[in-house]
Each structure stands twice: as C-alpha cells, then as structure tokens.
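The values are calculated or read from the model by the stated rules, or taken from the named source; none is laboratory data. Remember, it's a predicted structure, so these values are computed and weren't measured experimentally. FYI the Cβ positions are ideal-geometry reconstructions off the backbone, even for glycines, and counts take in every protein chain you see. Just the protein is used for accessible areas: all its heavy atoms, side chains included, with ligands, DNA and RNA removed. Shrake-Rupley method; radii C 1.70, N 1.55, O 1.52, S 1.80 Å.
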Amino acid sequence: MSIGKIKKVAGPLVIAEGMRDANMFDVVRVSNRRLIGEIIEIHGDEASIQVYEETSGLGPGEPVESMDVPMSVELGPGLIASIYDGIQRPLDDIMKISGNNLQRGVEVASLKRDKKWKFEPVAKVGDELEAGDVLGTVQESIIVQQKIMVPYGIKGTVKEIKSGEFTVEEIVAVISSEGKDIELTMMQKWPVRRGRPYVKKLPPEMPLVTGQRVVDTFFPIAKGGVAAVPGPFGSGKTVIQHQLAKWAEADIVVYIGCGERGNEMTDVLNEFPELKDPKTGQSLMERTVLIANTSDMPVAAREASIYTGITIAEYFRDMGYSVALMADSTSRWAEALREMSGRLEEMPGEEGYPAYLGSRLAQFYERAGHVISLGKDKREGALSVIGAVSPPGGDISEPVSQATLRIVKVFWGLDSALAYKRHFPAINWLTSYSLYLDDMEKWFNAEVAADWMSNRQRMMGLLQEEAELDEIVKMVGMDALSPTDRLKMEAARSIREDFLHQNSFHEVDTYTSLRKQYLMMNLVLAFYDEALAALQKGADMNKLINMEVRERIGRYKYTLDNDIEKEYEKISGELAAQTAKAFGKEDF
C-alpha cells in the first residue's frame, strides 16, 4: 500500500507526492476525510488524482492512501432496482448515514452485505468448469433471474457446491484448480475501464425492436448496436430514452444520468418505479439499474458513471440477456474530460476538448455488441448503447457530436423546428440515418413482410421529394404545382402526420408492433397509388384529396392490436370505393 501526501489541489485534481509504488487507475483515499479518487497520471513519484467528491478544504501535507486496486464495480445479486451514484455507491444507504445532504467520504458497500439470496445450484460436484460457466441461479426480482458465473481466469473441478440462502460474501462453491482450492461467492469485482471478455462478436443482423415507428421503419438500431440522439434543449431526448427503456426488446435496462439537471433525474426516479413494464405488468424498476449522477456532483464523477454503467450492463449481457444502456448525456461526460484535461495543463484540441476525446468515446461505444459469452453453453447476449448528446444550441458541428457520429452507426437527429410544431418524436427524417439497414434487410423481409424494405424506400422517396417541392411552394405557391406533384405533397403529409407522428402518452399509440407498422405503411402507400391511378384516368384532384377514408387511415394507429387485420380490410375496401367515387361514378 502506497501512502503519499498532497502537494497541490486544483478543483477536482489533486497532485500527491511519495506515490512511487502506486499504479495508473488505482483507487485512492485522499486526506483524513477519505475522499475517493482515481490516479489518472504518474510522473516519477508524483500522481495526478481525479477526485470524485468535493475537494474544498483540502490542503498540502494531508495523507493520500492508494488502495492498490483499480476502480472496480461489485457484480452480483442486488444490482437490479438499485439506484447508484457515479462510483456505484447505493444512494439509499448513503442517505441512511448522511441524511438528505450528501456527506463527503462516506464509505458504503455497493451490494448489500446483510441481505440473503436464495442460491440454487446448477453445477454439481465433479463438474469441470471454466470462466463464464453457470454455477447456479438467484431469482433477483420477479422478472430477472441472475446467473452466478465462474469468474474470469478461473477453471477447475467443482469440489463443493451449496444450496440455500446466502449473503453475497458467503462461500457458495469451492473449485479445485491445479491442486489449490478456490472459494467462490455470489459476488465478483471487475475493473470499470476494462471491457469484459467474450468468445466472439456476431454481426448486427437483427433489429432491436422499439415500437417507435420512425425508429423501427426508417432508422432501426441493431441488437448490440450503437445510436446517438443529438438534439437541442426541449426537443425530446429524454422522452425518447424513456420510451426506449420502456418498450425496446431488452431484458435489462441500465440508465445513466450523467451530469443531467437534478430535476430530470428526479423525474426518472419518480417515473420508473411507477411505470408498468408492458411485457410483464410489473414495475419497470424490476429490470432496471439506475446510475444517478447529477450536475451538482463534482465534474470528475461523470466520467466514472459512464464506465460503471457499461460494466454492469456487460455483466448482464454475459448471462445471455439483451441489455439496453441509455447514457444521458455524453456531452456532460465530455465536459468532465475537458475540465480534467485543462487542470492537467494538456494541449487542448478543438473548443478546448482534449485531443483524445474521439478515442475515449470510441472506447466506450465499442463495448456494445451482440456476442457469444464465455462458458460452455455458448450463451448469446446483446448490449445496445443509446447515447444522448446535448450540443450547445443544437449545433451538431461541435466536437462531441462530430466525434460521436464518426463512431456510431445510427443517428437520430432531433430537430427543434419539428418540436416547436409539436411533431414528436422530433427525429428529422432528412438528416437522420441508420447504417445497419443493409445488414437487417434480410431479417425484415423474412420476419415481417417480403416488401418491407421496398415500402420503406418508397416512403422515404416521397418525403425527400416533398422537401424539394416545398421549396417551390414557398416561392410560387401550391397552385404552381402539377396535380401529380400536389398528390405527392398530400401523400408525404399523410406519412408525416399519420405514420411518423407518435404520441408517447397515448395508451395504444405509444407502442406499435412491426406487423401494425407494415399495415400502416401499406395504407398510406395504397392511398397514393390508387389516387395516382385515378388521377391519370381523369379523376377530380380535390375529390381525391378530400376523401373521408383519409381520416380513417390517419386514425388507424389508434386501433388495438387484436383488430388491426379486420380494420385494415375495412379501410382498404373503403379506399377503393371512395376512389371510384372521385370520378362521379361507382366503377371505373
């Protein structure tokens, strides 16, 4: 153990001397208050320490003690439904010690040491096990069964395995390896800056179905994919992340509030326990881990929270679960990097951010993926990462947005103009993109419908043509357009208002299954195709635009899933009949 003393304090940066035996990224306890910090730079016997708590009142000469272990998280039963700060201290336990005001230097265990969990063994005496193999299971919440796995780097024969109720520190199994007995508990530790190992990464061929039409149809994210949601204040980043947490096809949700305003985090803490998980009817918290790291915590703690969150997410991925990680927002994390870089007097890059901003972002996002986990049973797990970016003034030409866009494959660009028009989700269909489309085309065409992708392309084409025609309309008015172009404008309006606009707070419209999305696409395109055919045969343009069935097409999104096929047939019949009427005769 290396004990030095403080030489200099500069905000969250403390420089300590006499730390020759310490290592990079070791956890340290700073001063007699035992504030928690991490070594981020070493020169000779001087260590630069990033302190994760308020440093006011510290002075030169106070002791600094290295714990000789890297910053790690505790993984085991008790994670689900927990609310942690950025360095995995449970906020409920801190509150018992320090009251409503967070005191400095509070030391609490991340996983509750006194709670007993029912361990049911899967392995038996004599089994040959290796890292990643399942020893037993613990029913952690009504929804989540946690698999207790052999820690990384351990293999051998099971000498003893117990059944019953244990705390996370009690021994549940003994493995004999090379003549040594290794005692295993239900808890393991993992350094947060190191990705957890796996056997193989799989290609992103399967979508993470979210039930949000603009996402699933136009800009889908793959299971194990990465997406960025940049947008200005008030454009709906947080609502989109809540919707994805609620509805995405994920078994586990890890939500990191990284330096967001306190009231936003309070909303999450109040809403998530009350939200009903649509798949199970239980509280959403029964499959969620929250990391609440608000703006009033020291800047440095934001960096830790991102790594803490993704390490917990990888742990559940290794069990074979599909995990969705929401980081809100990575801009605040980048600000923490900028602050520490400035304190270290490093050469600044663009806008004062460190030159290594891009590589740090890449290190975070590359930990996502659809993988085959360690262990003989070849479990498949997926970790999808959705990062919100808050560029100042919504300007995505700034460094954090640009560095993120170079890494992620899906860009959902939020648009303040759409938000002001009350069009939500305010994802701009002309600037957003998904690079997973080609990989997932086969899946959509096989699993949903053979013409899914061609329908999507046609709708996208109509929206792009509308944007071009809109320029002409602004200059010379709607009357200057040909009837065919006017019909295109109407069809595009129908796509925008009837298909892309989705009400998060409507009990039916909040989630749309892929089958319903396909039928909605068909109805919107059927109106355009039939009206175009009728127009070319001489039907009246105004009658076609004002057909009553268009109202029915618009309201189809509020149809319950049980009735979608029947309602679809009804509307299709009405569309054919009313198109015929546009000639002034019943048949044509």
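Annotations for the structure displayed:
- Shape call, the stretch 401-482: gyration tensor on alpha carbons, a/c limit 1.5: oblate
- Test item: Cα-centred dipole of the stretch 88-178, Lys/Arg +1 and Asp/Glu -1 on Cβ, debye: 340
- More than 24 Å apart - percent of Cα-Cα pairs taken over the stretch 193-326: 31
- Here's the picture: charge each Lys and Arg Cβ at +1 and each Asp and Glu Cβ at -1 in the chain, and of M521, V209, F219 the one pushed furthest to the positive end of that dipole is V209.
- Residues whose amide H comes within less than 5 Å of that of E160, counting only those at least five positions distant or on another chain, are V174 (H built at 1.01 Å from N in the peptide plane).
- Rounded to whole Hz, the Karplus (6.51, -1.76, 1.60) HN-Hα couplings of the stretch 154-159, x for glycine and proline: 10, 8, x, 9, 6, 9
- Karplus (6.51, -1.76, 1.60) ³J(HN,Hα), θ = phi - 60°, over the stretch 9-23, in Hz, Gly and Pro reported as x: 10, 9, x, x, 9, 10, 9, 10, 10, x, 10, 4, 8, 7, 10
- Here the convex hull built on the C-alpha positions of the stretch 296-337 has a volume of 63 cubic angstrom per residue.
- Cα-Cα P(r), the stretch 197-252, percent of pairs per 10 Å interval: 21, 50, 23, 6, 0
- Amide H within-cut-off set for D26, under 5 Å, with H built and near neighbours excluded: I39
- The long axis of helix 483-494 is offset from the longest Cα principal axis of the chain by roughly 40 degrees.
- Taking amide hydrogens as placed 1.01 Å from N in the peptide plane, the amide H of T185 sits under 5 Å from those of V172, each at least 5 positions away in sequence or on another chain.
- Distribution of pairwise C-alpha distances over the stretch 534-578, 5 Å bins, in %: 5, 21, 27, 19, 14, 8, 5, 1
- Over the stretch 487-583: Kirkwood hydrodynamic radius from C-alpha pairwise inverse distances, Å: 13.7
- P(r) weight above 14 Å for the stretch 1-49, C-alpha pairs, percent: 39
- A simple rule links phi to the HN-Hα coupling: the Karplus curve 6.51 cos²θ - 1.76 cosθ + 1.60 with θ = phi - 60°, which for the stretch 368-381 gives 6, x, 9, 10, 9, 6, 5, x, 5, 7, 6, 5, 9, x Hz, with x for Gly and Pro.
- Helix 330-343 vs. the chain, principal-axis angle (Cα, 0 to 90°, nearest 10): 40
- Scoring 472-483, 73-84, 182-193 by mean Cβ neighbours within 10 Å over their residues and listing the highest first yields 73-84, 182-193, 472-483.
- With distances taken between every two different alpha-carbon atoms, the stretch 313-354 has a Kirkwood hydrodynamic radius of 12.5 Å.
- Computed log₁₀ I(q)/I(0) - Debye formula, equal Cα scatterers, no solvent, the stretch 265-411, q 0.10, 0.11, 0.15, 0.16 Å⁻¹: -0.42, -0.50, -0.88, -0.97
- Geometric descriptor of the stretch 280-366, per residue, is 108 Å³ (volume of the convex hull of the Cα atoms).
- For the chain, pairs of C-alpha atoms spaced more than 35 angstrom apart make up 46 percent of the total.
- Computed per residue of the chain from DSSP H runs no shorter than four, each worth -39500 (n - 2.57), the mean residue ellipticity at 222 nm is -10000 deg cm²/dmol.
- Using the empirical formula 2.2 N^0.38 Å as the baseline, the Cα radius of gyration of the stretch 516-559 reaches a ratio of 1.23.
- Counting heavy atoms of the protein chains alone, M206 has an accessible area of about 70 Å² for a 1.4 Å probe.
- When Rg and Dmax are taken over the Cα atoms of the stretch 3-153, they come to 19.3, 57 Å.
- Direction-averaged projected area, Cα convex hull, the stretch 45-129: 9.8 nm², rounded to one decimal.
- Loop-resident GluC sites (Glu not before Pro) (DSSP state other than H, G, I, E or B) in the stretch 439-508 with no more than 16 further Cβ atoms inside 10 Å of their Cβ: E507.
- Cα extents of the stretch 1-87 along the three principal axes, largest first (Å): 41, 27, 19
- The stretch 94-187 - Rg (one decimal) and Dmax (whole number), Cα, Å: 16.3, 52
- Radius, Kirkwood style, for the stretch 165-210 when every pair of distinct Cα atoms is counted (Å): 14.7
- Value of relative contact order over the chain, rounded to a whole percent, pairs C-alpha under 8 Å and six or more apart: 13
- Cβ charges +1 (Lys, Arg) and -1 (Asp, Glu), total dipole of the chain, debye: 380
- Here the convex hull built on the C-alpha positions of the stretch 132-258 has a volume of 164 cubic angstrom per residue.
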